Every structure is written in structure tokens, then in C-alpha cells.
Amino acid sequence: MRIIKKSKEINSVFNSVKKTGFVPTMGSLHKGHEYLIKKSIKQNHVTFVSIFLNPKQFNSKKDLEKYPKKLIDDIKICKKNKVDFLFIPSFKEVYSWKTKKRRFPKIENVMEEKYRKGHFKGVLKVIEKLIDIIPASRMYLGEKDFQQLKIIKDYFNINKIKTKIIRCKTIRDNNGLALSSRNKLLNNENLKKAAKVIRFIKKIKLKNNSLSHNKKAIKKFLKINKINFDYVEYINLKKFNVSKKQSYNMKIFIAFYINKIRLIDNI
Ligand code: AMP
């Protein structure tokens, strides 16, 4: 595995390789990230992983400071999985990279767009740079961040970026909680509490009640357990707007707080 810190060096690799896979991350890697990495290694000749904690997508300085950082462990994980190139750039290496002016897609004002103002603009700004520095054949993104996946897909489509997005399922722990770097900020008791929320939503989803009834039941559960939340929404996966009626093409999206740590999921 080669660790590269300079954008120019990583970009020059593209002259010689065929099928390339790219897994962008913010580090503090876990089994969810590993799943994406393994998939890329299987499907491509060469795999690139980037670790870049992008300040532009954090709307609170405190949140950025608190975000777990585990670079030494991350390098070990990438080596173990036989990643070919690990890109660990500085802020300057990413943002001084000159790219063509591209269009940003329309973003529905729901969920993360509504509650984390400017977050997706920050995500698109970094993706714009990274996909130009690493113009891979395939990019691996997790369904855990479903709204992000949709927005990046729209961005690639409207700008005719050739990289194919490979959508990867959410990897969970034994209790059903989606793995997340932020879970590293929680103790066992908190993790169990978070998993209980997810299990409850899974149970509710199977019930044949109206959506508003189910939503009310989830909100009541959160209230009883003194868990704050930003939203609980049924979202239509095609139109990406709030669903009012049952259909097979929808999921329940949630953002909630355990011990002040904000967790998101979709079930
Ligand atoms: P992050 O480091 O949080 O920016 O995540 C990097 C990529 O890993 C994103 O495409 C995420 O959607 C994906 N990812 C994060 N957690 C999981 C998970 N539990 N299962 C699958 N993919 C994930």
C-alpha cells in the first residue's frame, strides 16, 4: 500500500491503470467502511481510499473538533485490506486543486438539508475536488448516508461525470445499530440505547398502520425514553420527498441524539 499526501502524485497514477475503485471517507474507519473497501478491491484492479475530515461539511466547529480521529488504526485497516493507494491530503492539497466550474443539483429541503444548513454544499465541494484528483471508474458510497448518496448521484448525472456510483448496504452491529465513526464517542450503555431506537423502528415499520400513526408511535417512544431528535420521516426513495401513503419504495429516516451525539439512520 502506498500512502500519498500530494494530489498531483495521486492524479498521475491514472495514466496507467484500468478499472479503478475509490472509497472516500473521513477516517475513524469501521466495518462499514471495510465493507465498501472490500467491495472495491473485488471489483477493480486498483483501489483508492481517501481519509479527509472535510471541515466544509461541518456546520459546528465543536462537532468537527469532537469527531473521532484514529489515523494510525485507519492505516492498519487499509493495509490489512490490501488497499493500493491511501490518500491522506491536507486541507490545502484538496482545496487548492483547480477544477472546472460545475453545477450543483437541486437539493430538497428535507432531513439533513433542513437540519444541517450548508452541510451538503460542503459535501459537494469536497467531492468535486476528490473526483477530479481521483477520477476512478467507480465510487463506493454507503446507504447509511442515503441523502448524501442521492445528492452525489444527481451531481454526477447533471455534470456528466463518468464515475459509476456503487451503492452499498448499511453494515450494523449485532444489536442492529448502524456502524458509524460517531459510535466511538458512545459507551456501551449508550450504544444499547441507540440500538433500542432502531429495533423499535424496525418493529413499527412492519405494522400495517397509517404512516402518521407509525410516526407518532416512534416520536412517543423517543419522548418516553427522553431521546431528542431532529426528524422522523417516511421518505419516498424515488422523489426523495416526504411520503404520505404506504408504498414499497420508501424508508423511515431518523436523526436522533444519544448523549448529545447525533446519529442518523434509515430503515
Ligand atoms: P464517512 O467516513 O462517515 O464519511 O463515510 C464514508 C463512507 O462510508 C460513506 O459513503 C458512508 O455512507 C459509508 N458508511 C458509513 N457507515 C457505514 C455503514 N455502517 N455501512 C456501510 N457504509 C457506511
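Scanning segment 26-51 for residues that are surrounded by fewer than 21 Cβ atoms within 10 Å (Cβ to Cβ) and under 13 Å from LEU141 (Cα atoms) yields MET26, GLU34, TYR35, LYS38, LYS39. Just checking, does segment 12-27 include any residue being part of a helix (DSSP H, G or I) and either within 13 Å of the ligand (Cβ to nearest atom) or in contact (Cβ under 8 Å) with a residue 40 or more places away in the chain (or both)? Scanning segment 12-27, I find at least one residue that is part of a helix (DSSP H, G or I) and either within 13 Å of the ligand (Cβ to nearest atom) or in contact (Cβ under 8 Å) with a residue 40 or more places away in the chain (or both), so the answer is yes. In the set LYS79, LYS101, only one residue is modelled with pLDDT under 95 and away from the ligand (no atom under 14 Å from the Cβ); that residue is LYS101. Picking from residues in segment 158-182 that are assigned to a helix (DSSP H, G or I) and in contact with a Ser or Thr (Cβ under 9 Å, 6 or more places away or on another chain), the one that is farthest from ILE227 (Cα to Cα) is SER181. For segment 112-157, the set of residues classified as outside any helix (DSSP H, G or I) and either more than 22 Å from LYS251 (Cα to Cα) or not aromatic (Phe, Trp, Tyr) (or both) consists of ARG116, LYS117, GLY118, ILE134, PRO135, ALA136, SER137, ARG138, MET139, LEU141, GLY142, listed by residue number. Listed by first and then second residue, the pairs linking a residue in segment 70-84 that is in contact (Cβ under 8 Å) with a residue 60 or more places away in the chain to a residue that is assigned to a helix (DSSP H, G or I) and of a type outside the set (A, V, I, L, M), with Cβ atoms under 9 Å apart and 6 or more places separating them unless they lie on different chains, are LYS70/SER181; LYS70/LYS184; VAL83/SER40. Return the residues of segment 57-76 that are buried (at least 18 other Cβ atoms within 10 Å of the Cβ) and assigned to a helix (DSSP H, G or I); say none if nothing qualifies. Listed by number, the residues that qualify are GLN57, ASP74, ILE75. Counting only residues that are within 14 Å of the ligand (Cβ to nearest atom) and in contact with a Ser or Thr (Cβ under 9 Å, 6 or more places away or on another chain), segment 117-133 holds 2 of them. The set of residues in segment 134-145 being among the hydroxyl-bearing types (Ser, Thr, Tyr) and near the ligand (Cβ under 10 Å from one of its atoms) consists of TYR140 alone.
The values are calculated or read from the model by the stated rules, or taken from the named source; none is laboratory data. Since the model is a prediction, treat every value here as computed from it, not as a measurement. Don't worry about glycine lacking a Cβ; one is built from the backbone with ideal geometry, like all the others, and counts go over all protein chains shown.
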